[in-house]
Amino acid sequence: MRTEIALLLLCGLSLLSAGCDRRSGPAGQGEDNASVPTSGEVVPSAAAPKSFDAKIDRSHAGKDAPDFVFSGADNKDVSLADFRGRPMLVNLWATWCGPCVAEMPTLDTVAARYGKAGLAVLAVSQDMGDAAEVAAFFAKRKLPNLTLYRDPENQLGFHYATGLLPTTVLYNRQGREVARVAGAMDWSGKQAEALIDEALE
């Protein structure tokens, strides 16, 4: 029952933003958007196919990062508190989610570009299957600047409750939320750059 609820929560259809649903395969991929919107505004890009449209939500800004334990490298326990003092970009994704996979290279670019500034980019898989399969999938994508994290109990997905994958949440150095993004975004684009710069302040 919990698994079914998790799938419904994480894979629900949204008419407002591009995201993942088990019934829909990977759609076309996209580019960046123009400016940072206010809470709940849908920001489609004229140049980008629909799968990179995203909804930015600022209604949770200022809230502390959750303290759930999930799996890091070598299945060691890790939590967001381990990154306190660094700005964080927490991305929830799954191997079966086309838009998630499409935006992953842009996250790798961000990790390379902002690593020296202290930004921790956490790609947290919401797959509930075999850990080795998820790791093999991740390694095949050649993402040298990202570390794979797993949250097979979907604790973060339940907490953020956007109903979509991918979901990405930005935190400042104090571990307080800046904004969350429901749906796929080009994280190497100008709109994402403005969000990240805000988290780095």
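Scan segment 77-90 and tell me whether some residue there is modelled with pLDDT of 90 or more, touching a Pro at 6+ places or on another chain (Cβ under 9 Å) and open to solvent by less than 50 Å² (accessible area, probe 1.4 Å).
yes
For segment 183-201, which residues satisfy the criterion of being open to solvent by less than 10 Å² (accessible area, probe 1.4 Å), in contact with a Leu (Cβ under 8 Å, 6 or more places away or on another chain) and not aromatic (Phe, Trp, Tyr)?
Of everything in segment 183-201, those that are open to solvent by less than 10 Å² (accessible area, probe 1.4 Å), in contact with a Leu (Cβ under 8 Å, 6 or more places away or on another chain) and not aromatic (Phe, Trp, Tyr) turn out to be 183, 195, 196, 199.
State yes or no: is residue 119 modelled with pLDDT of 95 or more, surrounded by 14 or more Cβ atoms within 10 Å (Cβ to Cβ) and within 18 Å of residue 186 (Cα to Cα)?
Values: modelled with pLDDT of 95 or more: yes; surrounded by 14 or more Cβ atoms within 10 Å (Cβ to Cβ): yes; within 18 Å of residue 186 (Cα to Cα): yes.
Yes, satisfied.
With of a type in the set (D, E, K, R) and closer than 25 Å to residue 189 by Cβ as the only criterion, which of 82, 108, 130 stands out?
Checking each option against the conditions leaves just 108.
If residue 161 meets every condition in (1) among the aliphatic types (A, V, I, L, M); (2) out of contact with any strand residue (DSSP E or B) (no Cβ under 8 Å at 6 or more places or on another chain); (3) surrounded by 17 or more Cβ atoms within 10 Å (Cβ to Cβ) apart from one, which number is that one?
That leaves (3) as the condition not met.
Go through the residues of segment 161-169 one by one and say whether even a single one is within 19 Å of residue 95 (Cα to Cα) and part of a helix (DSSP H, G or I).
Among the residues of segment 161-169, not one is within 19 Å of residue 95 (Cα to Cα) and part of a helix (DSSP H, G or I), which makes the answer no.
This table checks each residue for (1) of a type in the set (Phe, Trp, Tyr); (2) open to solvent by 20 Å² or more (accessible area, probe 1.4 Å); (3) farther than 13 Å from residue 91 by Cβ; (4) modelled with pLDDT under 90.
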{"residue": "113", "(1), (2), (3), (4)": "no, yes, yes, no"}
{"residue": "123", "(1), (2), (3), (4)": "no, no, no, no"}
{"residue": "127", "(1), (2), (3), (4)": "no, no, yes, no"}
{"residue": "148", "(1), (2), (3), (4)": "no, yes, no, no"}
{"residue": "151", "(1), (2), (3), (4)": "no, no, no, no"}
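Any idea which of (1) buried (at least 17 other Cβ atoms within 10 Å of the Cβ); (2) of a type in the set (S, T, N, Q); (3) under 23 Å from residue 178 (Cα atoms) is the one residue 71 doesn't satisfy?
It is condition (3) that residue 71 fails.
I'd like to verify a number: residues in segment 77-117 that are touching a strand residue (DSSP E or B) at 6+ places or on another chain (Cβ under 8 Å) and part of a loop (DSSP other than H, G, I, E, B), how many?
Within segment 77-117, residues that are touching a strand residue (DSSP E or B) at 6+ places or on another chain (Cβ under 8 Å) and part of a loop (DSSP other than H, G, I, E, B) number 5.
The values are calculated or read from the model by the stated rules, or taken from the named source; none is laboratory data. This one's a predicted model, so the numbers in the text were calculated from it and none came from an experiment. Methodologically, a virtual Cβ is constructed for each residue, glycine included, from the backbone with ideal geometry; neighbour enumeration extends over all protein chains shown. Ligands, DNA and RNA are excluded from the accessible area calculation, which covers all protein heavy atoms including side chains. Shrake-Rupley method; radii C 1.70, N 1.55, O 1.52, S 1.80 Å.
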